[in-house]
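The values are calculated or read from the model by the stated rules, or taken from the named source; none is laboratory data. All values derive from a computational prediction rather than experimental measurement. Note that each Cβ is placed from the backbone with ideal geometry, even for glycine, and that neighbours are counted across all protein chains shown.
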Amino acid sequence: MKRFCFSGLIFCGLLLYAAQTKAQTLFAYTENKMVVLHWTSANEQFIDRFIVERSTDNNHFTTLHEVVSKGPFTTEADNSYEDADAWPPNAINFYRVQTVLKDGGSLYSAPVRVAIDSTNRPMIKPTVIHMGGNVFLDNYHSNQLLTVNIFNGNGTMLGSYMVNGTSFTINTGQLPKGILFYRISDEKHALIDAGKLMIQ
């Protein structure tokens, strides 16, 4: 029984270790037909590097870039990373980040789907918002209830909006100024579009 309890403690410790070192929420969005990837991490004393991987079928991933960890003295304010895919091979691609640990282990973020052709996807415009400004959804289709979630650079959700029209108001008075990120989804699609907003 004691051996079982000790093994359970080790297992719980490994789960906590993994949860604290893995790449957190991965954002991916298009910018001039280039895919921009943004992610954060925690407890970088255990992390050696990050490997950005790409797939065209969400099954077979290949290495796109390697990004060196900023190191153990990284603070919560600067533990964010950004990378880009300048030449996406397909109209729809999938991306994930592999966190390589110093002990040789590795962890993966959840894959994200990115569609390069945005002609039929709802998109937020403008992306630079002044205090109290309205934003609009290009390519909005009627009878399509959308959810727009707003996040900061650390992946913390700052606001969530249910949208059933071509325009809605973001309460910028409750948001910090600077660069934020958004994700658009509906009942059938976990990710329709994603991007960044500048709050001024």
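From (1) surrounded by 15 or more Cβ atoms within 10 Å (Cβ to Cβ); (2) modelled with pLDDT under 85, pick out the condition that doesn't hold for LEU16.
(1)
Name the residues in the range 144-200 that are hydrophobic (A, V, I, L, M, F, W, C) and in contact with a helix residue (DSSP H, G or I) (Cβ under 9 Å, 6 or more places away or on another chain), would you? Even if it seems obvious, please write down each step before you answer.
First, pick out the residues of the range 144-200 that are hydrophobic (A, V, I, L, M, F, W, C): 145-146, 148, 150-151, 157-158, 162-163, 168, 170, 175, 179-181, 184, 190-192, 194, 197-199.
LEU158, ILE199 - these are the residues of the range 144-200 that are hydrophobic (A, V, I, L, M, F, W, C) and in contact with a helix residue (DSSP H, G or I) (Cβ under 9 Å, 6 or more places away or on another chain).
Could you list, in sequence order, all residues of the range 79-110 that are part of a loop (DSSP other than H, G, I, E, B) and within 14 Å of HIS38 (Cα to Cα)?
Result: ASN79, SER109, ALA110.
I need the full set of residues from the range 62-103 which are touching a strand residue (DSSP E or B) at 6+ places or on another chain (Cβ under 7 Å), at pLDDT below 85 and buried (at least 16 other Cβ atoms within 10 Å of the Cβ), in order please.
Of everything in the range 62-103, just one residue is touching a strand residue (DSSP E or B) at 6+ places or on another chain (Cβ under 7 Å), at pLDDT below 85 and buried (at least 16 other Cβ atoms within 10 Å of the Cβ), namely ASN79.
Can you tell which of ASN152, ASN164 is within 16 Å of the chain's Cα centre (by Cα), farther than 19 Å from ALA115 by Cα and at pLDDT 80 or above?
Details: ASN164 fails: within 16 Å of the chain's Cα centre (by Cα).
ASN152 is the lone residue from the list that is within 16 Å of the chain's Cα centre (by Cα), farther than 19 Å from ALA115 by Cα and at pLDDT 80 or above.
Yes or no: PHE136 of a type outside the set (S, T, N, Q), touching a Lys or Arg at 6+ places or on another chain (Cβ under 8 Å), part of a strand (DSSP E or B) and closer than 25 Å to ASN79 by Cα?
Details: of a type outside the set (S, T, N, Q): yes; touching a Lys or Arg at 6+ places or on another chain (Cβ under 8 Å): yes; part of a strand (DSSP E or B): yes; closer than 25 Å to ASN79 by Cα: no.
It is false that PHE136 is of a type outside the set (S, T, N, Q), touching a Lys or Arg at 6+ places or on another chain (Cβ under 8 Å), part of a strand (DSSP E or B) and closer than 25 Å to ASN79 by Cα.
Run down LEU107, LEU137 and say which single residue is surrounded by 15 or more Cβ atoms within 10 Å (Cβ to Cβ) and either of a type in the set (Ser, Thr, Tyr) or at pLDDT 80 or above (or both).
Details: LEU137 fails: either of a type in the set (Ser, Thr, Tyr) or at pLDDT 80 or above (or both).
Going through LEU107, LEU137 in turn, the sole match is LEU107.
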